[in-house]
Each structure stands twice: as C-alpha cells, then as structure tokens.
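In what follows, a structure is listed as structure tokens, so that the remarks can point back to it.
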Amino acid sequence: MIRPKQVKRPTAVEAVLHRLERLVEEGRWPEGRLPPERELAAELETSRATLREALRLLRSLGVVEAAPRRGTRLVNPFPSPLTLALPDLPRFASPPEILEARLAVEPVLAGLAAVRSGPSDWQRLQECVDAGRRARTLAGFERQDREFHVRLAQSAGNQPLAFFSTLLQGIRDEATWGELKRKDLATPGRREAYVEDHASVLAALRARDAQQARERMRLHLLRVQENLFGAHPTPV
C-alpha cells in the first residue's frame, strides 16, 4: 500500500517569515524601515519571541540589518524561494564541518571584498571591530563578531557566496554551539585575539590587498578551529 506523502507544516517562525516576505513584496514599508518589535508582532499576529527568531534568521541571511536606536531595516531582497534558505543544517552537519565550510568560503569572500568593497563598507566593519573591543559580555561580543563576518560577506559583491556564508553564520546561534562558544570566548585573551584578527583583515581590505585579505581570514578561522576543536585537520 502506498502511503500519501506527508506535507511538512511550516513552523511558527517560517510562517512569520513568509508573512513578512509577502508584506514586503506588497510595498508595506516602502522606505525599508520595519516597525518597532511590539507593533510588528501585533501586525503579524505572533509572539515577540517568534518575531525575534524570524528577524535573527533574516539578519543571518543579510536581508535585514539592526542597529541600536535606529531599529531594523531591509537591506537586501528576500531569497527566492525563501524555503531554500532555511535548511536544517545543524541536523546533518557537525560544528567541525560547519567551520570547514567557513574555511572554504570566507577567505574567498575576503579576497573579493578587498577588490570590491568601499569606504562605507569599511566604516561598517570598523564599527564592528570597535564594538567588539568595547564589549563587556560574551553575548555582546558574539553579536559583533558575527556581524563583522556577515558585513564582510555582503561587501564582497558575490550574492551566492555571501548568501551561503551568512547562512553559516546564523548557525552560530544554535544550541549545539552554545557551550563551545561560552568556553572559547571565556578563555582569557581569546576575544582580544579575534578582534585583532578582524582589524587585520579590515586593514588588508583598505589596502586593496586581496592576497593578504584571504590569508588573514584563513589564519583567523584556523585560530578559531584550533581553539574550538584542537589541532586543525583541514588541508587549507
């Protein structure tokens, strides 16, 4: 007997994402600035917790950008179709595999950004570096660390690579990464070293030195890999 194939029901977060996408396509916010969280949650008929998770995913995909006192604004189109942007990577990829994927992609993006980025991109990246230096909490540092990598990817001028990279960045909020990140970032000197790695990559971008940008990003990720998992086996 052939059983009918079950259709996966969208999660609450996926439903919110699709409603947001539809409203954007209809021109609901022509200036690109989204309403405050409480107002937007009411309009979408969802909880604020679900809305926050949906916006987190959109930030990781480079669709929206959030800034203190300036709110959340749309900066890129929604991926099409959106469902392709939401694979359950943590289900079938381990943290070491995710970092290997980052090593394959992010140095390439850094090299492209050295050629294609401009002063406005450098300013946004510098803001991340400065905020990382000022961060007093692990959560605050992690937010700026992730934002640096997302913004660099967006400045590289290659949407498929940037899309994949920002998707990988979003996985950093998954529970499987929580203990790894807490242990790593709580180790004395780790946060400072990562910030200086970012500053070094940014200096290569400003110098338009693609080779150095690639190499500095590669060394940064190898440092992260070794700190998280021990000796790095990735042949890069």
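The values are calculated or read from the model by the stated rules, or taken from the named source; none is laboratory data. Only a predicted model underlies this, so the values are computations on that prediction, with no experimental measurement involved. Because the Cβ atoms are built from the backbone with ideal geometry, glycine has one as well, and the counts that use them run over all protein chains shown.
Listing for the model above:
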item	result
Condition check for Leu167: assigned to a helix (DSSP H, G or I) and closer than 16 Å to Leu99 by Cα	yes
Residue that is without any contact (Cβ under 8 Å) to a residue 40 or more places away in the chain, of a type outside the set (Ser, Thr, Tyr) and over 21 Å from Leu58 (Cα atoms), where the choices are Gly132, Gly189, Gly111	Gly189
Residue match in the stretch 176-185 (condition: surrounded by fewer than 21 Cβ atoms within 10 Å (Cβ to Cβ) and touching a Phe, Trp or Tyr at 6+ places or on another chain (Cβ under 7 Å))	yes
Cβ-Cβ under 7 Å pairs, at least 6 apart or on other chains, the stretch 210-229 side in contact (Cβ under 8 Å) with a residue 40 or more places away in the chain, far side of a type in the set (Ser, Thr, Tyr) and in a helix (DSSP H, G or I)	Arg216/Ser200
Residues of the stretch 31-66 satisfying the condition of being more than 16 Å from Glu14 (Cβ to Cβ) and part of a loop (DSSP other than H, G, I, E, B)	Glu31, Gly32, Leu34, Pro35, Pro36, Gly62
Out of Leu86, Leu74, Leu57, sole residue that is modelled with pLDDT of 85 or more and surrounded by 15 or more Cβ atoms within 10 Å (Cβ to Cβ)	Leu74
